[in-house]
Amino acid sequence: MSIVQASTGVRANKGPGDVESSEQGQRPQRVSHPRGLQIDSRFCPEQAVDPFETTEWELRTASIKDENGEILFEQTDAEVPSDWSQLAANVVVSKYFYGENGTEQRESSVRQLIHRVTRTITDWGQEDGYFATLEDGERFYRDLTWLCLHQHGAFNSPVWFNVGLYHQYGVSGTACNWHWDGDT
């Protein structure tokens, strides 16, 4: 699956069946762990093929302006859930999308952002034996994704800035959105 859909310029979401995750494309190998968590789906409707299909989507322009109305940040054609407020879209797109604005590497959809974080966390849990089966892990992924997508829960900023950059995009080191200054 191509990362960019040519017709819209919006990156395609990689769903549970075609996700490149963890060690750059390697799916967790653990099939079952008898002491792992058994997950019953509580949030994402079971009839939904993909948690990202449980909302309507639209393309918006996200912008941040200063007190004089001067544009400090703007990204056009950002894909966001249609029921999100403009403020939520502005904050998420300007602060949490990975990549330099205006480049092809820039995330262009809330789908990509949420998937990057929830897929990586799920894969870590599967690799470390937190789930009884891979199916339990996938139910966890679906519910966690649904909760973030529908704004019933959210991670703190460092999670959105960093989690999944290596696992989904192969980014490591100083290309991340953080920098340690040993002098301060």
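Hey, among the residues in region 124-161 that are surrounded by fewer than 17 Cβ atoms within 10 Å (Cβ to Cβ) and of a type in the set (S, T, N, Q), which one's farthest from Gln105 (Cα to Cα)? So, considering only residues that are surrounded by fewer than 17 Cβ atoms within 10 Å (Cβ to Cβ) and of a type in the set (S, T, N, Q), the one farthest from Gln105 (Cα to Cα) is Gln151.
So is Pro51 modelled with pLDDT of 95 or more, of a type outside the set (D, E, K, R) and in contact with a strand residue (DSSP E or B) (Cβ under 7 Å, 6 or more places away or on another chain) or not? Against the criterion (modelled with pLDDT of 95 or more, of a type outside the set (D, E, K, R) and in contact with a strand residue (DSSP E or B) (Cβ under 7 Å, 6 or more places away or on another chain)), Pro51 does not qualify. Can you pull out the residues in region 89-118 that are crowded, with 17+ Cβ neighbours inside 10 Å and either more than 24 Å from Arg60 (Cβ to Cβ) or of a type in the set (Val, Ile, Thr) (or both)? Across region 89-118, the qualifying residues are Val92, Val93, Val110, Ile114, Val117, Thr118.
What are the residues in region 154-166 that are in a loop (DSSP other than H, G, I, E, B) and of a type in the set (S, T, N, Q), if any? So that I can check it myself, show each step before the final result.
Step one: of region 154-166, the residues in a loop (DSSP other than H, G, I, E, B) are 154-156, 163-164.
Correct list: Asn156 only.
Only a single item in (1) touching a residue at least 60 places away in the same chain (Cβ under 8 Å); (2) under 30 Å from Pro34 (Cα atoms) is not met by Trp84, and it is number (2).
Could you grab me the full set of residues in region 58-95 that are small (Gly, Ala, Ser) and under 17 Å from Ala154 (Cα atoms)?
Within region 58-95, the subset small (Gly, Ala, Ser) is 62-63, 69, 78, 82, 85, 88-89, 94.
Hits for region 58-95 are Ser85, Ala88, Ala89, Ser94.
Yes or no, residue by residue, for (1) under 18 Å from Glu53 (Cα atoms); (2) part of a helix (DSSP H, G or I); (3) among the aliphatic types (A, V, I, L, M); (4) over 13 Å from the mean Cα position of the chain (by Cα):
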| residue | (1), (2), (3), (4) |
| --- | --- |
| Asn90 | no, yes, no, yes |
| Val93 | no, yes, yes, no |
| Thr103 | no, no, no, yes |
| Gln112 | yes, yes, no, no |
| Tyr141 | yes, yes, no, no |
| Leu147 | yes, yes, yes, no |
| His152 | yes, no, no, yes |
| Gln168 | no, yes, no, no |
| Gly182 | no, no, no, yes |
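Counting only residues that are assigned to a strand (DSSP E or B) and among the aliphatic types (A, V, I, L, M), which one in region 35-65 is surrounded by the most Cβ atoms within 10 Å (Cβ to Cβ)? Restricting to residues being assigned to a strand (DSSP E or B) and among the aliphatic types (A, V, I, L, M), the top hit is Ala62.
Look at region 35-61: where a residue is farther than 18 Å from Ala132 by Cβ and a partner is surrounded by 13 or more Cβ atoms within 10 Å (Cβ to Cβ) and among the aromatic types (Phe, Trp, Tyr), sitting 6+ places away or on another chain with Cβ atoms under 6 Å, you get Phe43/Trp146; Cys44/Trp146; Pro51/Trp146.
The values are calculated or read from the model by the stated rules, or taken from the named source; none is laboratory data. Everything quoted here is computed from the prediction, not taken from an experiment. We place every Cβ from the backbone using ideal geometry, glycine too, and count neighbours over all the protein chains shown.
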